[in-house]
Amino acid sequence: MSYKNTVYLILLTLSLCGTESFSMDVAYTSKNTQFAFDFHDVVVQHNTGRISRGIFSRNFVYKIHFNRCFPGLLWALASTAYHDFKGGTGEQYIKILQDYKQPEIAQLVLDIANDVHPIEGTVVIMQELKNLGYEVNMASDIGTMVLEDLKKRPQYQGLLSLFAHEKSVDYLNASGRPVKKPQLGYFRDYLERFQKNKEYVIFIDDKEKNVIGARASGMIGITFKNPELLREELVKMGILE
C-alpha cells in the first residue's frame with residue numbers, strides 16, 4: 001500500500017472514531033465559531049480556456065520566436081529534472097523560470113493559475129456569515145506566491161477582503177516537504193495561528209480526504225458539493241435561516 005493511501009486510511013479511521021460532521025445540540029454563534037473555507041473549487045473556479053487566453057493575450061508565441069525565449073525555456077524545464085520539488089505545485093516552476101531570466105513565461109504561468117471566477121453562491125454565503133459576525137478565513141493549499149499575485153489583481157480584491165486571515169503553503173521556502181492538506185500538521189498549524197478563543201472551527205472543502213483530516217484535528221468538517229447543499233447544512237446547524 002502506498003504512503004498516501006496509508007495516511008488516508010489512518011485519517012479515515014480517526015475521523016470515524018472522532019468528531020462527527022456537526023452536532024444538532026450545539027448552539028453555533030459568532031462568539032464561539034469561525035469558518036475556514038478552501039479556495040479553489042469552493043470559493044472560485046478556474047475559467048475555461050484560460051491557457052489559450054493567457055498565451056494569446058501575451059503574444060506568447062511571438063515572444064518565443066522573436067525574443068529567443070525558447071532556448072532558455074528548454075533549459076529551465078530541463079533543470080526541473082534535477083530539482084527536488086518536495087511534492088509542491090507549479091510555484092516551483094515559476095521560480096525556476098524567474099531564475100532563468102524568463103519573466104514573461106513566469107508571468108504567463110501566474111496569469112493562468114489566477115484566471116478564476118467566483119462561485120457566486122458561496123460568496124453570498126460568506127457575505128451572510130460576515131454580516132452575522134462570523135470570522136471567515138481561507139484554508140487552502142494555494143501557493144503563497146500565487147496568492148500574493150492574486151491580491152494584486154483589482155478584480156479579486158473585493159472577494160479576498162471577505163477573508164480575515166489566509167493560510168497558504170509556502171512551497172519555495174519550506175524546510176523539507178511542504179505541509180499540505182490533509183496532513184494533520186496543516187490543520188494544527190491553522191488552529192494554533194487562527195483559532196484563538198473560538199471553540200468551533202467549521203472547515204469547508206470539496207475534497208473528502210481534506211475534510212477527514214480536518215475532523216481528525218478536531219475541526220467540524222463539511223464536504224462541499226455546491227452552494228445550495230452547503231446552505232442546507234448551515235441551516236441544519238442553526239447558523240443560517
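The combined condition, being surrounded by 18 or more Cβ atoms within 10 Å (Cβ to Cβ), more than 27 Å from LYS209 (Cα to Cα), β-branched (Val, Ile, Thr) and more than 16 Å from the chain's Cα centre (by Cα), is not fulfilled by ILE125.
The strands (runs of 3 or more DSSP E) falling completely within the stretch 22-119 that include 1 or more residues that are open to solvent by 50 Å² or more (accessible area, probe 1.4 Å), at pLDDT 80 or above and within 27 Å of PRO182 (Cβ to Cβ) map to 44-46, 116-118.
Go through the stretch 195-241 residue by residue and tally those that are open to solvent by 60 Å² or more (accessible area, probe 1.4 Å) and either assigned to a helix (DSSP H, G or I) or in contact with a His (Cβ under 9 Å, 6 or more places away or on another chain) (or both). Result for the stretch 195-241: 8. Within the stretch 172-194, is there a residue that is closer than 22 Å to ILE239 by Cα and either surrounded by 18 or more Cβ atoms within 10 Å (Cβ to Cβ) or free of Cβ contacts under 8 Å to residues at least 24 places away in the same chain (or both)? Checked against the condition, which is being closer than 22 Å to ILE239 by Cα and either surrounded by 18 or more Cβ atoms within 10 Å (Cβ to Cβ) or free of Cβ contacts under 8 Å to residues at least 24 places away in the same chain (or both), the stretch 172-194 yields at least one hit. Checked against the criterion of being more than 20 Å from ASP41 (Cβ to Cβ), of a type outside the set (D, E, K, R), open to solvent by 70 Å² or more (accessible area, probe 1.4 Å) and in contact with a Lys or Arg (Cβ under 9 Å, 6 or more places away or on another chain), the stretch 150-159 has at least one qualifying residue.
In the stretch 134-149, the residue that is least open to solvent (accessible area, probe 1.4 Å) out of those that are in a helix (DSSP H, G or I) and among the acidic types (Asp, Glu) is ASP149.
The values are calculated or read from the model by the stated rules, or taken from the named source; none is laboratory data. Quantities reported herein were computed from a predicted structural model and do not represent experimental measurements. Please note: Cβ atoms are built from the backbone with ideal geometry, for glycine as well, and neighbour counts cover all protein chains shown. Just so you know, the surface numbers come from the protein's heavy atoms only, side chains and all, with ligands and any DNA or RNA stripped out. Shrake-Rupley method; radii C 1.70, N 1.55, O 1.52, S 1.80 Å.
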